[in-house]
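Read the figures in this text as sums done on the coordinates, not as results from a lab. On a predicted model such as this, the values are computed, not experimentally measured, just so you know. Using ideal geometry, Cβ is built from the backbone for each residue, glycine included, and neighbour counts are taken over all protein chains shown.
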Amino acid sequence: MTTLSVHAPHDRRELGRVELDTAASIDAKVRAATLAMREWAALGPMERGDRLLAIERDTRDQLDDLATALSLEQGKTVKEARIELERYLGPFRQYSGLATVTGGLSLDLGNGVRAMVDQRPVGVVAAIVPWNFPTSLFGTKLAPALAAGCGLLIKPAETTPLITQRLVDIARAHLPEGLLDVVVGGAEIGQALVAHDLVGKVAFTGSTAVGREVAALAGRHLKSASLELGGSDPFVLLEDADLRAAVRALMGTRYYNAGQVCVAPKRLVVRQEVADETIALLEERLARIVPGPGTEPGSTMGPLHTERTRAALEEQLEDAAARGATIVGGGRPHDEATRSGWFVSPSLIIDPPADARVRSEETFGPALTILRVPDDATAIAVANETPYGLGASVWSRAQERAFAVARQIDAGYTWVNTLGRVYDELPFGGVKASGLGREHGREALEAFLAPRSYVYAVDAR
Ligand code: NAD
């Protein structure tokens, strides 16, 4: 039996060990889920909705304990862990109701022929998620998949299997045996899961590079895949904006989760008239961030998740500095509480030139790139200069002007003069290299359903 050791990012202590899956164990789990789907589908939508609510209730009963466990394993603060777990739970409430109104269609085709369109569950779902939001990204797939009648196998990142297993254990008490299970392992295990013949759909969240591989593999096996990938969202700040409100919103999203967020403003594109004033406001707020262990009440920002993610960010900062950018903050905090974890101090990367890596790559940590622009047309061009198109923010007191800019930025989600939070009610997903398909909203439920048409002769008697 091969096992995987899981460590706390804030001090590297071992939190537990889990058994790695194999091709044979994946096969057994996919078969069990396929079989269990018959029982699940036979329950009907009202009963399935009730089960989703029961999962929500039982999980909520353990929220405090789960938040501490998530904080220890992922690194985020307990406050952030609670917010994430609320986001895990939201879709259970949302889709419990929607499950009961997801019908098919019946229509008269004329000449004595009628048709019925049945909405069938798409099959067992292979859900693959990264480590930055191991629970909420799981919930946005699990709840609609269950509501649609599907079974699901969740493959978490190799560094966050423990919290995933706990959530699965709670949910399984309300589900037919085998309908839901965890698959543990890295790239090879993920590939084996995607390629399994009985998997009907792949729901992937992760990096663009891996997303391309997953899409290619799913394509070869002719199964549909939704892909939620990387982002480098622009935050466009025009000179007539409410600067203080904009800076509050920017700080609340860029440094949240230690900057390890797919949909977060990573590049401030600011009109040069207000750039210096904005930078001064940002510096003031940057100084208030307290890096520390997520379970310590005084910490406002946890460590980065792994040594590798910290090294990747540090390399991007070094590259920007070497090419002439001004770096404010950054470096590693040096105190007893942060000495042995993957901590990094928050930073601003001011005026990096066009060839700096941060102008085209995603920065996955607490660093904000700042780019001054002379006019709105340049703001739009700079906003669109990366391969990504996940989210965007635009701030201006003139709403028409803000929308005129917003409409020209490539993004699946845009906030105008408001905090960049994601709502369960709305479809979420990227354009360009940020992905394909949508999660949340009615769209997520529909993604786990496959229509099947029946045509039949009407009895003429
Ligand atoms: P990653 O792509 O390296 O890993 C994501 C998951 O895929 C993990 O479970 C990993 O084990 C698995 N995996 C790796 N190689 C695989 C393969 N060849 N086949 C199948 N599965 C494989 O992602 P990461 O770097 O750990 O996570 C951060 C990335 O995720 C960032 O780019 C971030 O923007 C993105 N992200 C996107 C969203 C979104 O909703 N758009 C949300 C969160 C994170």
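Could you work out the local net charge near Thr100, counting Lys and Arg as +1, Asp and Glu as -1, over the other residues with Cβ closer than 11 Å to its Cβ? For residues surrounding Thr100, the net value is -1. Summarising the amide proton neighbourhood of Ala450: residues at separation of 5 or more, or on other chains, whose placed amide H is nearer than 5 Å comprise Arg120, Val122. Going by neighbour counts of Cβ atoms within 10 Å, the residues Arg288, Arg57, Arg51 line up, fewest first, as Arg288, Arg57, Arg51.
Pairs of Cα atoms under 8 Å, at least six residues apart: use those to get the relative contact order of segment 1-138, whole percent. Can you show the working numbers first?
On the way: 126 pairs, mean separation 31.2, N = 138.
Relative contact order, segment 1-138: 23 percent.
Listed cross-link partners Lys29/Lys155; Lys79/Lys155; Lys76/Lys266; Lys76/Lys201; Lys141/Lys201; Lys76/Lys432 are compared with a 21 Å cut-off, the Cα-Cα value being larger for Lys79/Lys155; Lys76/Lys201; Lys76/Lys432. Once backbone amide H atoms are built at 1.01 Å from N, Val236 has Val269, Ser393, Val394, Trp395 as its partners under 5 Å, excluding neighbours fewer than 5 places away on the same chain. The phi torsions of segment 347-362, fed into the Karplus equation with coefficients 6.51, -1.76 and 1.60 and a -60° offset, translate into couplings of 8, 10, 10, 9, 6, x, x, 4, 8, 5, 4, 5, 6, 10, 9, 6 Hz, rounded to whole numbers, with Gly and Pro shown as x.
Where the centroid of each part is defined by its Cα atoms, how far is segment 73-130 from segment 150-176 in Å? Rounded to whole Å, the Cα centres lie 17 Å apart. Each Cα pair under 8 Å and six or more residues apart adds its sequence gap; the mean of these over the residue count of segment 312-461 is a relative contact order of 15 percent.
Going by how many other Cβ atoms sit within 10 Å of their own, how do His196, His334 line up, fewest first?
Details: His196 21, His334 9.
With the fewest neighbours first, His196, His334 line up as His334, His196.
Close amide H pairs (under 5 Å, H built 1.01 Å from N) link Leu15 with Val6, His7, Ala8, residues at least 5 positions away or on another chain.
Its Cα centre serving as origin, segment 350-445 has a Cβ charge dipole (Lys and Arg +1, Asp and Glu -1) of approximately 140 debye.
Suppose every Lys and Arg Cβ carries +1 and every Asp and Glu Cβ carries -1, with no other charges. What dipole size does the chain come out with about its Cα centre, to the nearest 20 debye? Numbers along the way, then the final one.
Numbers: 50 positive and 59 negative charges, 165 e Å.
Dipole of the chain, to the nearest 20 debye: 800 debye.
Using θ = phi - 60° in the Karplus curve 6.51 cos²θ - 1.76 cosθ + 1.60, the 3J(HN,Hα) couplings for segment 151-165 round to x, 8, 10, 9, 10, x, 4, 4, 8, 10, x, 5, 5, 4, 4 Hz; x is entered for Gly and Pro. Could you state the number of Å between the C-alpha centres of segment 339-380 and segment 389-461? Taking the Cα centre of segment 339-380 as reference, the centre of segment 389-461 is 27 Å away.
Phi-derived couplings, Karplus 6.51 cos²θ - 1.76 cosθ + 1.60 at θ = phi - 60°, listed residue by residue for segment 303-318: x, 6, 6, 9, 4, 5, 5, 5, 4, 4, 5, 4, 5, 5, 5, 4 Hz, with x used for Gly and Pro. Distance from the Cα centroid of segment 4-52 to that of segment 198-235 is 20 Å (rounded to whole angstrom).
What net charge is computed for the residues neighbouring Arg339, neighbours being all others with C-beta under 10 Å from the C-beta of Arg339, Lys and Arg scored +1, Asp and Glu -1?
Details: positive: Arg332; negative: Asp11, Asp335, Glu336.
Cβ neighbours under 10 Å give a net charge of -2.
Working from Cα pairs under 8 Å separated by at least six residues, relative contact order for the chain is 19 percent.
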